[in-house]
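Right, one structure below, let's go through it.
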Amino acid sequence: MAKTRKPVIEYRHYSLPIHFPVLLLSGERWKISDIKSEHLHFHNHLEIGICYSDSGIMEIKGESVPFQAGDVTFIPRYLPHTTYSTPGTASLWAYIFFSPEDLFQHSLKGTYRDFEPNLWAVQGMNCVLSKEQHPKVYTLATSIVEELRQQNPYYQESAYGLMLSLYIELLRIHSRKQPLSEQGTDHVLKGDLVISPVLEYITKNYMTPMTIDFLADLCHLSTTHFRRKFYEIMRTTPLEFINSTRIEEACKQLKSTDHSILSISEQVGFHSISSFNRCFSKLMGQSPKAWRKGAQTEVQSAKASILEFTGWV
C-alpha cells in the first residue's frame, strides 16, 4: 500500500512598503488556476482577499470552503491554505497584506497586541465572507483596493480609515462566530498547524530570551522532532527565524526612530552589538548604519501625510 503523500508547506514572506505598510497585489496576474496545488502556503502578514470573478475552493485547516465572485477572505498570518478555481475557470482576485500591530497600534492603544484572532481557534468556513451576507465588508474591501490602485491625493489617509473600519468589522464577525468556550483554549495542534503557537510566540516575544526546548514544549513536541518539523515547514532553523524576526523589527525602528543602533539591537533581543551587526549584514546585505541612511532617504518625501495622520511622527 502506497504511503499518503504529505502536503508541502510554503512560507511566503512579504516585506511591506516603508512609507505606508500596506501591500496590494492586484491585476490580471492574480488569476487563480483551476489546478489544485499540492503546496499549502502561509504568510507573515494578515491577508485580505477579494474575489472579482468565478468561483472555486479554498483549503483551510483541512476544510474545503467554497468561494464565489463577491466573497472577501480573511486569512490570519501563519494559517496554511491554498486556493483553486472551478474547473474551466480562472477566478480574478486582489489581495491586501498588512500587520495590524504595525498599522493600528496608535489607534488601538493597549489592545493591539491581542487584536488578531487566535490562529488555532479560527474555523475555515469563517474565513470566507459573502457579499450578500456581509455587504459592508465587501464595500470597504473594494474601496481600499481602489484607493490603493488610483493613488489620488490623500489616498493613504483614506485607505487607512477604510482599513481600520474593515478590520474592526472583521473582528466583530469573528468574535460572534467563535464560541466563547474556544477563546483562549490551549489546543494540541497537529499536521500543518503544529508549529503555529511558536510562530505566534516569536512574533509577539521576539525581544525576550527563549530556548529551543521551551519552543518545542509550546508545540507539545520533543526538541528533536520540533527542530525537524520546523525546518520541514519553514525551510530554516528556529534560531534563524527568530533572528530574521528581530532584524525585521530592527529595520522598522531604524527607519522610524532616532534611537542608536546599540539601543535598537538591545530592544529587539540581541545581547551584543557585534552579533546584531553580523546578523543584520547577513540578512540585509549591508550594515545597519548604511541601511538606515538609505531607508531615511526613501521615506523623506512621503513622511508628512500618513505618518502625521496616524500619529507616528
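Values in this text are rule-based calculations from the coordinates and carry no lab data. It should be emphasised that the depicted structure is a prediction, and the values quoted were computed from it without experimental measurement. Every residue, glycine among them, receives a Cβ derived from its backbone with ideal geometry; neighbour counts consider all protein chains shown.
What the table shows:
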{"item": "Total charge dipole magnitude, segment 12-108, about the Cα centre, Cβ charges on Lys, Arg, Asp, Glu only, Debye to nearest 20", "result": "140"}
{"item": "FRET efficiency, 1/(1 + (r/R0)^6) with R0 30 Å, evaluated for S33 and E146 via beta carbons", "result": "0.70"}
{"item": "Net length gained if the chain between L171 and S275 were fully extended (0.36 nm per residue, minus Cα distance)", "result": "33.5 nm"}
{"item": "Packing-based ranking, highest mean first, of 84-97, 44-57, 274-287 given that Cβ atoms within 10 Å are counted", "result": "44-57, 84-97, 274-287"}
